[in-house]
Amino acid sequence: MKLTQSNVAKIVPEAGKFESRVFDDTLAGFGVRVWNPKKPKRAWIIQYRRLNGKVTTHKIGPCERISARVARDLAKQKLAQAELAKIGKAPDPGKEHQVARHQASETFETIAARFLQRKQKAVKPSSFGQIQTHLTKHWANFNGRSVHQISRRDIATRLAEIADQRGDYAANRAGGTLSNFFGWLMQEGIVEANPVIGTGRKIERARDRVLSDGELAAIWKACRDDDYGAIIRLLILTGQRRDEVGAMQRDELELTGRKWLIPGNRTKNGRPHEVPLSDAAVAILKAATARPGREEREAVFGDKTDGNGFRGYSKAKAKLDRRIAAEQTKKKVAPWRLHDLRRTAATRMADIGVQPHIIEAALNHISGHKSGVAGVYNRSLYSAEKRAALDTWGAHVEAIIAGRPGSNIVTMTKGRS
């Protein structure tokens, strides 16, 4: 019997069997598989013998979606390829079919979950959170697709969307994470190339926003006596990075000695950092560590017990900005970011007389005086100078909040602790 659309529709499994296979009389190896006697389902198949003598069968596709004519043409091609494979002139169609099925199962979200599992053990919690956000949110449109089917054009299109929605900085970071992901896929032998390469990098403009005294006061006063408010005020007073403050641990604090000791695994440059605490900073931390119900928690901030610190920065920042806008009737605070507080602390300390190398030491920033050869030989911690600088800066901030003139000069101590 020659298999046609009409006669295939009448084929049912043989009596007492769940499935049957019927082959075409005019094209050897071309057939149809029929299963489920109660509600028959049908699919076109090919069957052939490999060089090793094994008989192989694989599916072409469902009969209701592929016509007999198209299925016959495909069968001819695959069966001819199978014959050529025996003499090494073509790849075996059975192996191609297996590879295609395997690749189809390697979806973006499935492989990304494996990648994140590896990364979680290798990077700091704050870095892992950013990587996870990029892969599970910014690149979520790739979910359900095989990693083998994601093209450079797909990535470039999505990067343009991210840049439009969130800015060039976010697009570059999302692209960097995806490139790192595909680099890992290459190392694992899952893909042969990184499609992120060549998609281009957005040009970022360096931020130079420095807040005025009035803006600092407005932000400070709009903060509430909660975790986020404490974090913002500590960012102003210490000039440290967001994640260093937000993930602060109890055992890092020596409040009686007015010190905060950040271990190297929590700093950006990997170096341990001692932060002298002003009286205002100590007062904030005493209140934060004394909050009921948090005595047993490792992290000073955050509602979770996992020790990773505060979460929910975007929502908290949006609420703070709304309060600032509501309280400012005349002069408004221009758009600002949390990192602007670090830049402001550095700039304002310079304005009131702190030397650049002391500011760098206070902020644990390696550049200028601490970079290159100078950094190798100059191992001074400048402990006394850092304390004088941050104490004076703390007093300056308190004066600004109270509406009094700030300090004009830093009196530096000659000795070092």
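The values are calculated or read from the model by the stated rules, or taken from the named source; none is laboratory data. In this text the structure is predicted, and so the values were computed from the model without any measurement. Positions of Cβ are generated from backbone atoms using ideal geometry, with glycine treated the same way; all protein chains shown enter the neighbour counts.
General observations
- Qualifying residue in the stretch 56-69 (condition: assigned by TED's automatic domain parsing to the domain that holds residue 86, in contact with a Ser or Thr (Cβ under 7 Å, 6 or more places away or on another chain) and of a type in the set (S, T, N, Q)): no
- Verdict on residue 333 being assigned to a helix (DSSP H, G or I) and modelled with pLDDT under 90: no
- Annotation for the stretch 152-174: at least one member residue is touching a His at 6+ places or on another chain (Cβ under 7 Å) and among the aliphatic types (A, V, I, L, M).
- Residue in the stretch 254-265 that is crowded, with 18+ Cβ neighbours inside 10 Å, assigned by TED's automatic domain parsing to the domain that holds residue 391 and at negative phi present: yes
- Check on residue 373, among the hydrophobic types (A, V, I, L, M, F, W, C), at pLDDT below 85, closer than 26 Å to residue 272 by Cβ and over 38 Å from the mean Cα position of the chain (by Cα): no
- Here the condition is being over 27 Å from residue 218 (Cα atoms) and modelled with pLDDT under 80; of 406, 415, it holds for 415 alone.
- Scanning the stretch 184-204 for any residue that is touching a Pro at 6+ places or on another chain (Cβ under 9 Å), of a type outside the set (Lys, Arg) and buried (at least 17 other Cβ atoms within 10 Å of the Cβ) turns up nothing.
A quick yes/no check of all residues on (1) surrounded by 11 or more Cβ atoms within 10 Å (Cβ to Cβ); (2) under 19 Å from residue 266 (Cα atoms); (3) modelled with pLDDT of 85 or more:
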{"residue": "287", "(1), (2), (3)": "yes, no, yes"}
{"residue": "295", "(1), (2), (3)": "no, no, no"}
{"residue": "298", "(1), (2), (3)": "yes, yes, yes"}
{"residue": "306", "(1), (2), (3)": "yes, yes, no"}
{"residue": "311", "(1), (2), (3)": "yes, yes, yes"}
{"residue": "316", "(1), (2), (3)": "yes, no, yes"}
{"residue": "321", "(1), (2), (3)": "yes, no, yes"}
{"residue": "325", "(1), (2), (3)": "yes, no, yes"}
{"residue": "329", "(1), (2), (3)": "no, no, no"}
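- None of 36, 52 is farther than 15 Å from residue 79 by Cβ, without any contact (Cβ under 8 Å) to a residue 24 or more places away in the chain and surrounded by 12 or more Cβ atoms within 10 Å (Cβ to Cβ) except 36.
- In the stretch 150-191, the residues that are among the hydroxyl-bearing types (Ser, Thr, Tyr) and more than 23 Å from residue 113 (Cβ to Cβ): 157, 169
- On the stretch given as the stretch 259-309, residues that are β-branched (Val, Ile, Thr) and part of a helix (DSSP H, G or I) total 3.
- Among the helices (runs of 4 or more DSSP H) confined to the stretch 1-108, the ones with at least 2 residues that are at pLDDT 90 or above are located at 5-8, 68-86.
- For first residues located in the stretch 121-135 and in the same structural domain as residue 264 (by TED's automatic domain parsing), partners that are crowded, with 16+ Cβ neighbours inside 10 Å and lie 6+ apart or on another chain with Cβ distances below 7 Å do not occur.
- Only residues that are among the charged types (D, E, K, R), touching a residue at least 24 places away in the same chain (Cβ under 8 Å) and loosely packed, with under 14 Cβ neighbours inside 10 Å were counted across the stretch 136-150, and they come to 0.
- Being in the same structural domain as residue 226 (by TED's automatic domain parsing), at pLDDT below 95, touching a helix residue (DSSP H, G or I) at 6+ places or on another chain (Cβ under 9 Å) and aromatic (Phe, Trp, Tyr) is a property that residue 393 lacks.
- Restricting attention to the stretch 153-165, the residues that are exposed (fewer than 15 other Cβ atoms within 10 Å of the Cβ) and either among the β-branched types (Val, Ile, Thr) or touching a residue at least 24 places away in the same chain (Cβ under 8 Å) (or both) add up to 1.
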